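Following: one structure in C-alpha cells, then a few remarks.
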Amino acid sequence: MPGYKRFHDTSVSERILDTMFLLTIGLGYLFALGHMYFSHEGRDGQPGLSVEDIKIAYYGKHQQTRLGAALNASMGGNLESPEQKEIIFKWIENGTDVDEFNANVAPIMNENCVTCHSSKSGMGLPSLTNYEEVMKVTHNDTGASIQSLVRVSHIHLFGIAFILFFVGRIFILCEMPIMVKRIAVAIPFIAILLDILSWYLTKIIPGFAYIVVLSGGLMGLSLAGQILMSIHQMWFYKPKQVPIEM
Ligand code: HEC
C-alpha cells in the first residue's frame with residue numbers, strides 16, 4: 001500500500017494515472033446510463049424514461065395481455081356488447097381456466113372473432129379457434145424473471161464493487177472532515193445494495209420502482225461526487241499543514 005494519505009503527497013504520474021482512471025470510469029457510467037435509457041424507455045407507451053417504465057420492467061403489466069390490449073383498442077368493436085368484454089377480462093383475471101374458457105369465452109370468440117382469426121380466413125392473424133391458440137395471446141407479462149434478475153445482480157455486484165472500491169481508494173486521499181469522509185465512502189455501496197434489493201421487491205410490489213430510481217440516482221451522484229472532488233483536490237487544492245487521520 002502506498003505510504004501517502006493525501007493527494008498533496010502523491011507524484012504527478014500517480015495523479016495522471018488516477019485522473020485517467022476516474023475519467024474513464026465516469027465515461028463508462030454515462031454509457032451505462034445510456035444503456036439503461038435505451039433498454040427501458042417507452043415500455044409504458046410514452047416516449048422517454050419514467051418510473052412507470054421501471055415498474056413495467058420489473059413488475060410487468062400483469063393484466064395487460066395481447067388479448068386484453070387488443071380488446072381495449074380496436075378489436076373491442078367486434079364484440080356485441082360491453083358485457084362480453086367483461087366476461088373475457090374476468091376470465092383473464094381469474095387465471096385463464098380452461099373450463100371457464102369453454103363455457104363463457106369460446107362462444108363469444110366463435111361468434112365474433114374467428115371469421116378473421118382462424119387459419120381458414122387466410123389473413124395471417126393469430127388464430128383464436130381453441131384454448132391453446134387463445135392462450136398464445138393471453139400470457140401475462142410478469143416482468144423480469146428471477147433468473148434474469150439473478151444473472152444481472154451478480155454481474156452488477158462484482159463489477160460495481162471493483163469500481164466503487166478503486167474510486168473510493170482514490171477519494172479517501174481528499175481532505176475533508178473525517179466523519180464526512182467515512183460516511184461518503186460507504187454511501188455508493190449502500191446505494192447499489194439497496195438498488196439491487198429493490199429490483200426484487202419491485203417484482204413483488206411495483207411501488208418499489210421509486211426506490212430503484214432513488215437509490216440508483218444516489219449511487220450515480222455519490223460516484224460522480226467522489227470522482228469530481230478527487231480530480232479537483234488532486235490538481236487545485238492547497239492543503240492545510242496539519243496531520244490528518246485516515
Ligand atoms: C374483421 C376481421 C377481424 C375480426 C372480426 C376480429 N379481428 Fe382481431 N384483428 C384483425 C386484424 C386485421 C388485426 C391486426 C391489426 C390490428 O391489430 O388492428 C387483428 C388483431 C388482433 C389481435 C392482436 C394480435 C397481436 O398480434 O397482438 C388480437 C388479440 C385480436 N385481434 C383479437 C380479436 C378478438 C378477441 C376478436 C373478437 C372479439 C377479433 N380480434 C375480431 C381482424 C379482426
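The values are calculated or read from the model by the stated rules, or taken from the named source; none is laboratory data. What you are looking at is a predicted structure, and each value in this text was computed from that prediction instead of being measured. Cβ sites come from the backbone with ideal geometry, for glycine too, and all protein chains shown count toward neighbours. Side chains are part of the model used for accessible areas, which takes the heavy atoms of the whole protein and leaves out ligands, DNA and RNA. Shrake-Rupley method; radii C 1.70, N 1.55, O 1.52, S 1.80 Å.
General remarks:
- Residue 153 vs. criteria more than 16 Å from the ligand (Cβ to nearest atom), under 36 Å from the mean Cα position of the chain (by Cα) and not basic (Lys, Arg): yes
- Qualifying residue in the range 26-35 (condition: open to solvent by less than 50 Å² (accessible area, probe 1.4 Å), farther than 27 Å from residue 204 by Cα and in the same structural domain as residue 169 (by TED's automatic domain parsing)): yes
- Any pair with Cβ under 8 angstrom, 6 or more apart, that starts in the range 97-108 at a residue that is polar (S, T, N, Q) and open to solvent by 60 Å² or more (accessible area, probe 1.4 Å) and ends at one that is assigned to a helix (DSSP H, G or I) and more than 12 Å from the ligand (Cβ to nearest atom): 102/131
- Once the range 104-130 is narrowed to residues that are assigned to a loop (DSSP other than H, G, I, E, B) and in contact with a helix residue (DSSP H, G or I) (Cβ under 7 Å, 6 or more places away or on another chain), the residue that is farthest from the ligand (Cβ to nearest atom) is 127.
- Residues of the range 52-92 that are open to solvent by less than 30 Å² (accessible area, probe 1.4 Å), more than 11 Å from the ligand (Cβ to nearest atom) and farther than 12 Å from residue 137 by Cβ: 53, 54, 56, 57, 58, 60, 91.
- Residue list for the range 183-203, restricted to those being hydrophobic (A, V, I, L, M, F, W, C) and under 17 Å from the mean Cα position of the chain (by Cα): 191, 192, 193, 194, 196, 197, 199, 201
- Checking each residue in the range 1-52 for being in contact with a Leu (Cβ under 6 Å, 6 or more places away or on another chain) and of a type in the set (A, V, I, L, M, F, W, C) picks out only 7.
- Meets criteria (open to solvent by 40 Å² or more (accessible area, probe 1.4 Å), within 15 Å of residue 53 (Cα to Cα) and modelled with pLDDT of 95 or more) for residue 214: yes
- Wholly within the range 131-215, helices (runs of 4 or more DSSP H) carrying at least 3 residues that are within 16 Å of residue 227 (Cβ to Cβ): 146-171, 178-204
- Exactly one residue out of 178, 190 is open to solvent by less than 60 Å² (accessible area, probe 1.4 Å) and assigned by TED's automatic domain parsing to the domain that holds residue 50, and it is 178.
- Per this entry, residue 171 is counted among residues that are open to solvent by less than 70 Å² (accessible area, probe 1.4 Å) and modelled with pLDDT of 95 or more.
- Among residues of the range 34-55 that are within 16 Å of residue 198 (Cβ to Cβ) and assigned to a loop (DSSP other than H, G, I, E, B), none has a beta-carbon under 7 Å from a residue that is open to solvent by 40 Å² or more (accessible area, probe 1.4 Å) and not charged (D, E, K, R) at least six positions away or on a different chain.
- Test: residue in the range 109-130 that is open to solvent by less than 60 Å² (accessible area, probe 1.4 Å) and of a type in the set (Asp, Glu): no
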